[in-house]
Each structure stands twice: as C-alpha cells, then as structure tokens.
Amino acid sequence: MHIPIWGTYITTPSVSEQQAQVNIENTVQNDSAKSQKLMVHTTIYNNKNQAVGQVSNAITLSANSQQVIDQDVTVAKPDFWSPDSPALYVAKTQIISGKEVVDSSTTRFGVRTFINDPKTGFYLNGKPLKIKGVNLHHDAGLVGAAVPKDVWRRRLQSLKDAGVNTIRTAHNPASKEFLELCDEMGFLVQEEAFDEWDNPKDKRKNFNQSGEVDYITQSYNQVFAEWAERDLKAMMLRDRNHASIFQWSIGNEIEWTYPNYVGSTGYWDKKNKVNYYWNAPPYTPAESKAIFDSKEVKGPKLEDTAQRLSKWAKEMDTTRPITANLVVPSVSHFAGYADALDVIGYSYRQAEYEYGHKHFPDKMIIGTENWVQWHEWQAVLDKPYVAGIMVWTGADYMGESNGQWPRKGTDSGMLDFAGFKKPSYHMMKTVWSDEPHLHITTQTMDKSSYKIENGKVVEKEAGSWKKGKWFWRDVNPHWNYENNQQIIVEVYSNQPEVELLLNGKSLGIKKLSDNEDRILKWAVPFSAGKLTARAVGSVIETEIATAGEPAAIKLTSDKTELVNDQYQVSHIVAQLVDKNGNPVYHQEGKITFDVATGLKALGVDNGWSRNVQKHQSDSLTTYRGRALLIVQSTEATGAFAVNVQSSKLKPSKQIIKVTKSKK
C-alpha cells in the first residue's frame, strides 16, 4: 500500500487573508492481492514546522486497485507566498494500516493567488506585480547539465540581488532542485515543455529546417506525435505543486516551423520597407489573414497541435494559465494558435505591443524573450497591459555559437559562464532593484560608442542605445590606460545625481534625468590613481583603481564550510592582484590549482565566451585577471587546502572545512 510517485496534488481553491482552503488529492495504491482497510491522514505544517490543520479519511481499497482520496483542510490566516516573502507549507500524508504507518509522503506548497488581466497586467495575491524576468537554459557553465544545487543557488542569488523576480525555463522542464530553490528563494517560474512540435528546426540557426536533415537537426519532432502527451503530463504531474510555477509554456518560437505563419506577416515581403524588430506589422489582421488563408497547408496544422497540448495541460492543472513564446504574434493571434493560450508571450516584439493590444485586447501580453537592455524595460513601463519582460538571458549558456568558434556559447547573459556579474547585470539592477547602486566601466574613445561634440559626450550614432540587442557594449572594468589617453567613463546608477572623482578631484556631477539612456558619461584624460563614483546626497560610492603588475593571487570562496554529503560545493575565485592588493583586470596569467584529497574538483573556467580551455583541468589562463574553481565535498571530513600558484606570483591558499553530515 503506497502513494505512487507524484501521487499528491495540492491546490488552494479559496483564499483570503482570513483563511485558505487547501485541497489535497492523494492517490493511494494497493498492489497486494487482498482488500485493505486504511486510514489516510494528512497534517499541514507552516514554515515554522507548526501543525496548522489536519484531516483523516478511512477507506477500503480493493486488491490491485488505485483510488484518489480528496481531502480539505482550512488554514487560518495563511502566510502568502511571494517573491518578497516566499512562505511555504508542507503537507505530510500517512497511509495507516491498523496501527502501522505503511507509507508516507511530504509535499511542499504555497498559498498564493494569480490574476492575469489583459488590460492591467499581472496580479499576485491581489497586488499588481510587473514581471522582471530572465530566461535560463539548463546548463551552468563548467558543470554542464549536472548542476549541483549550490551552483544554482549562487547564480539565483545574484539574479535576486538585481531585482529579478521571474524565470522562464527555456526551452525545457527544469530540474527538481532548480524548482525547489525557486520555491525557497522567491522566484516566479514559467516552466516550458517544448522547443519543437511536429516539424524540425535547424538547430544551427534556431529557424525552420530548410536544408538536409542530419544528426544535428534530428530532434524531438521525430518522437513528438508519440511522446508529447506523456512528456507534457509527466512534467506537470511532477511539478504542479511548486509554489513558484505561475505559468505553463507549451512551446518556443514554434511558428518558424509551420507554413503560412511567417509568410503572412509582411515583414519579409521586399515591397514592405519594415524591420521585424523595430516596426509594427505592415498589414492589418484582415490583410494578413487573407494571405494566410490563401495558402494550402499540408501536414499537421500548428493551431490544431496547440489546442491538443492546451487540452492535455488543462487535464493536469487548471490553476495556472497556458502560454507560449510567439515569434509572429500578429499572425498567431488570428490563426488559432492564440486561441489555445491564456497569456500570449511575445518574442523580441516590443514593436508589436500596441498593435497586439489594439487588435486583440482580450489576451494578456507578456514579453517572454527580450534583450538585456534598458530600452526593453522602458517599453513596458507605460503599458499596464504588458505584464513585464523576460530577458535573454540571465546567464550565458553553452551552444548556439553560430559558427563563431572558438566562441563556445551565447554570451547574452547578465551573468557570464562562471556566474560573474557583467556590465549589463549592473544596468538591469539599476532599473529593477530599489537598492542604491553604482557601477563604473571604462573604454578608450575610439572603441567606445561615443564622441565629443560641442564639449559634450554624445553617441557616434545618435539613438543607437535604443537599438541594442543581445550583446552589451564593449567596456572594461579597469582603470589602466596610457597617460592622457582620452577615456570614456560610463556609470550605471539608480541615484538621481552622481559625481565622478579622479584622485579626489571632482570631474563634475551628472543627472540621471538628463540621460534618456540611463548611462552617465564623462570624457576623462587618463591619469593613474583612483576613479570614484559617488551618489550626491548619499553615502553610497564605488571606485576602481589603477593596478600595477600582477604580484599575487587572491583567493575567495562563497562557502568555507561544507558537509560530507558528496554534493555540496564551494566556488573559489582566484583574482590577480598587484603588490598593493588592487585587482588586476587588464592582464592575464596562467594559474594552477592544487586541490587536496578530500575535496573533488569539478572544474575550472574564467567566464569568457571564447575560453575553450578544458573545464576538467587544474590549470587555465585567467580572463580579466580572474578564474573560478568549483570543488565538491566527498565522504572525507577535515580541513582541506586549495592552493593556487602562477609563475613569479605569490601563491595563495583557501581552507575548506568539511564536517560530518547529520543525515
């Protein structure tokens, strides 16, 4: 007698500040050869491990049979789950035969409410919430797809610190550990099932298959007809109790692979002088529909497949909306695809927000893929009908290098391959977080986006910041240039006024309100020393200093104590520093790690997209003077040393203490 895997389903059909009705559906299975009299007992615990409700049901279960037991518990004055306060409850169910507990299961859930209003946006627990989201692939740099929970925790905490409140799992279900962290840390999650349906994509270009089908292109479409229902339902069966999941996505940019959709937009008609990214659709819905209907479709129709997927999803869960990432929503809205969806995801379609809302006002819009750029967020601030955006991506990921070897992946993220924060991270933090923030970057005038005109720093191409796409501008983290060389200093901040100082001398105050691009800019003749950005009227400031030659290696670790569960990890960062301890960001060095027996080295990386040094190694060349080593605990306990050395540099040591696990 037992509860099968994923055999508990918890919903909260009625919620108020006074009480929450918790419904628990427990599947109980009797695999024995005789009928059984059983008691199904469920207790609800709050996040302080206090019992706040319980219920029992006596049942008789026939031999070799299964039964769903429906239970209701009322929880008084519930704690609501939200990104700001991710309160979680636990339902513990016991199957009791006589006086013996023959099986038990523990299920974690949250109490929260969702409203998706096509006019005013998304509401969580009755309050409006703008989605500040990121897309994340399944890999995490040097560990590949086998990602320890601590690796995700470090990355997610960095994103949380930037104000991120939502994650889209692009383009596949997430791991159990990942979703557990999102529950605990307070991230809304749009979990996505498929990147392909009936027809193949060219995996080299993320577009419809136009050439020969080969081993790279062969993918899920080959088994979609047989496996789609089972795979979708398995994903939802496993994950539907997670408090973090607020939307189910059934597909990513599927329209590329079906006839009629792309060709009916008008974007690729040579007679139309429009840009897919920056212009609204050139045709009215009626004009597009006339083109769409004039073409005969052979094979499966996208809209029919979408309806089947949506039906299957709603057989599993009706508490969350169904969505998808649409690449040509101007067609999908009228062609039947959008009819299968509750929320419409727009893929890089800020130019279409107003068009979509005007012609299809009954569907809520959300940006499901957007560039990591300020202008993407600016585009939704005055549009309450757009629920928010999800930028591509939260972190750099392996693959999609588009034939640019030795580029090993796509570096469009807020975090790099090693989880280090990039300049775009700091920009998004200034618009997504209320925490006062300052960040300095520099670049030579010739390599920068700027020039001097009438004594002011202006863009070489006026308004080019509004057309930024996947990649951030080329900027440096250091203050090391030739004497008197003209340098552009960029400061990203959410403070109204910022003063820049060089060696204590003011270089002037810039106002955020005077810079539509939210980048404060100074042209500064280089002089060695300290460059300081200071918020006017506030104690917050940040600085970068001219570094000398590398003299030593500084080691830091996010965790200096582990337990011997053979799973916990520590991220050890090596940074080149000069004789005064200043970080050296402008020179590189080859470093070697020596990890004591008792720790397992998972690998090394420097975060650079063009670093193709082996991850499974004890040595590598730094990037911007920095490198990452991840070590994992083993069964051993004790204090273990991680040493790092490089030719002519003072070595360094980090001690990691490993204690016995209590489990």
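The values are calculated or read from the model by the stated rules, or taken from the named source; none is laboratory data. Here the structure is a predicted model, which means the values were calculated and not measured. Note that each Cβ is placed from the backbone with ideal geometry, even for glycine, and that neighbours are counted across all protein chains shown. Heads up: the accessible areas ignore ligands, DNA and RNA and are worked out on the full protein's heavy atoms, side chains in. Shrake-Rupley method; radii C 1.70, N 1.55, O 1.52, S 1.80 Å.
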>> If I take R0 = 41 Å and measure r between the Cβ atoms of E543 and M185 in this structure, what FRET efficiency does the formula 1/(1 + (r/R0)^6) give, to the nearest 0.05?
In response: 0.85
> With each label point set 7 Å from Cα along the Cα-Cβ vector, what nm distance links D84 and D594?
Replying inline: 5.2
> Relative contact order for the range 81-159: what is it in percent, counting Cα pairs under 8 Å that are at least 6 residues apart?
Replying inline: 17
> Residue-wise, which Karplus ³J(HN,Hα) couplings in Hz belong to the range 62-75, taking 6.51 cos²θ - 1.76 cosθ + 1.60, θ = phi - 60°, and x for glycine or proline?
Replying inline: 5, 4, 6, 9, 9, 9, 9, 9, 9, 10, 10, 10, 9, 9
> Are there trypsin sites (Lys or Arg not before Pro) in the range 325-393 that DSSP puts in a loop and that have at most 11 other Cβ atoms within 10 Å, and which ones?
Replying inline: none
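Give me the percent of accessible area attributable to carbon and sulfur for the chain, probe 1.4 angstrom.
Using a 1.4 Å probe with all protein chains present, the chain comes out at 48 percent carbon and sulfur.
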>> Net charge around A627, counting only other residues with Cβ within less than 10 Å of its Cβ (Lys, Arg = +1; Asp, Glu = -1)?
In response: +1
> How high is the FRET efficiency from K579 to I655, r the C-beta distance, R0 30 Å, rounded to 0.05?
Replying inline: 0.80
> In nm, to one decimal, how far is the modelled label at T284 from the one at A145, with both set 7 Å along Cα→Cβ?
Replying inline: 4.9
> By the scheme Lys and Arg +1, Asp and Glu -1, what is the net charge of all other residues having a beta-carbon under 12 Å from that of W81?
Replying inline: -2
> How much area per residue is accessible in the range 394-535 when the probe is 1.4 Å and only protein heavy atoms are counted (Å²)?
Replying inline: 44
> Over the chain, what relative contact order in percent results from Cα pairs under 8 Å that are six or more residues apart?
Replying inline: 9
> Sorted by mean Cβ packing within 10 Å, highest first, what order do the peptides 465-476, 567-578, 622-633, 324-335 take?
Replying inline: 324-335, 622-633, 567-578, 465-476
> Counting only DSSP beta bridges with both residues in the chain, what percent are antiparallel, rounded to the nearest 5?
Replying inline: 75
>> For a Förster distance of 51 Å, can you work out the FRET efficiency between the beta-carbons of K648 and A33, rounded to the nearest 0.05?
In response: 0.10
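Could you work out [θ]222 nm for the chain from helices alone, using -39500 (n - 2.57) per DSSP H run of at least four and dividing by all its residues? Round to the nearest 500 deg cm²/dmol.
Mean residue ellipticity, 222 nm, calculated: -4500 deg cm²/dmol.
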>> Taking amide H atoms as placed 1.01 Å from N in the peptide plane, list the residues 5 or more away in sequence, or in a different chain, whose amide H sits under 5 Å from that of K383.
In response: none
>> I need the phi-derived Karplus couplings for the range 223-232: 6.51 cos²θ - 1.76 cosθ + 1.60, θ = phi - 60°, integer Hz, Gly and Pro marked x.
In response: 10, 4, 4, 7, 10, 4, 5, 5, 5, 4
> Got a sec to turn the phi values of the range 4-19 into Karplus ³J(HN,Hα) couplings, 6.51 cos²θ - 1.76 cosθ + 1.60 with θ = phi - 60°, whole Hz, x for Gly and Pro?
Replying inline: x, 4, 6, x, 10, 10, 10, 10, 10, x, 9, 9, 8, 5, 7, 7
>> So if each residue of separation counts as 0.36 nm, and I subtract the Cα-Cα distance between Q50 and A225, what length gain in nm does that give?
In response: 58.3 nm
> What percent does the relative contact order of the range 150-247 come to when contacts are Cα pairs within less than 8 Å and at least six residues apart?
Replying inline: 30
> Just for the range 188-336, what percent of DSSP beta bridges are antiparallel, to the closest 5?
Replying inline: 20
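With a 1.4 Å probe and every protein chain left in place, work out the accessible area per residue of the range 571-636 in Å², rounded to a whole number.
Ligands and nucleic acids excluded, the result is 43 Å² per residue.
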>> Going by Cα centres, the range 38-96 and the range 599-615 are how many Å apart?
In response: 45
